[in-house]
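Just below is one structure, and these are the notes that go with it.
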Amino acid sequence: MKLERWEVIGIVSGAVVILSLLFLTWYSLEQTPGRAQGEDFVCGAGEFDCTGFETFPILRWLLILGALAPLILTYILVRGHELSWPPGEMTMLVGLIAFVLVAYNGILDRPGSGTEETGVELAIGYWVALLATVGIAVAGFLRSKEGQ
């Protein structure tokens, strides 16, 4: 079996999630008086920019696993294994869960608590990861529409 375009889009989207998690800045901190004195750091002492990987000790692993879902689907399809659900359905679900997790940690509840949360700005890596999780979900959805 050859790869369909939806598997390729899903794999690329998953790779983008991992790359943005590891290498792109997700959060930028405003330099406030408390932070200038060495307090209120979300990203670590003296750091005003941080990646998603640096910020989230548990979520980072969930996002990496979610980003691998399209690759796992492709492996299953290439090997010719039978699925009890339409191919792509689980990938779509994983993509949606990853989207909700990323969206929650940027739009609803930014990292930190109390004064630490003040002045936390979303950076490019956050938006790239959010868009890439949509790519995973859409690729899974469109793959499930095609069937076996």
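The values are calculated or read from the model by the stated rules, or taken from the named source; none is laboratory data. It should be emphasised that the depicted structure is a prediction, and the values quoted were computed from it without experimental measurement. Cβ coordinates were reconstructed from backbone atoms using ideal geometry, including for glycine residues, and neighbour counts include every protein chain displayed. Note: areas computed on protein heavy atoms with side chains; ligands, DNA, RNA excluded. Shrake-Rupley method; radii C 1.70, N 1.55, O 1.52, S 1.80 Å.
Can you pull out the residues in the stretch 10-39 that are out of contact with any strand residue (DSSP E or B) (no Cβ under 8 Å at 6 or more places or on another chain) and either modelled with pLDDT under 85 or more than 30 Å from L142 (Cβ to Cβ) (or both)?
Scanning the stretch 10-39 gives Q31, T32, P33, G34, A36, Q37, G38, E39.
Here is a list: V120, V78, V128, V102. Which entry is modelled with pLDDT under 85 and either open to solvent by less than 20 Å² (accessible area, probe 1.4 Å) or closer than 15 Å to L21 by Cα (or both)?
From the options V120, V78, V128, V102, the qualifying one is V120.
What's the number of the only condition in (1) at pLDDT 80 or above; (2) over 30 Å from K145 (Cα atoms) that I72 fails to meet?
(2)
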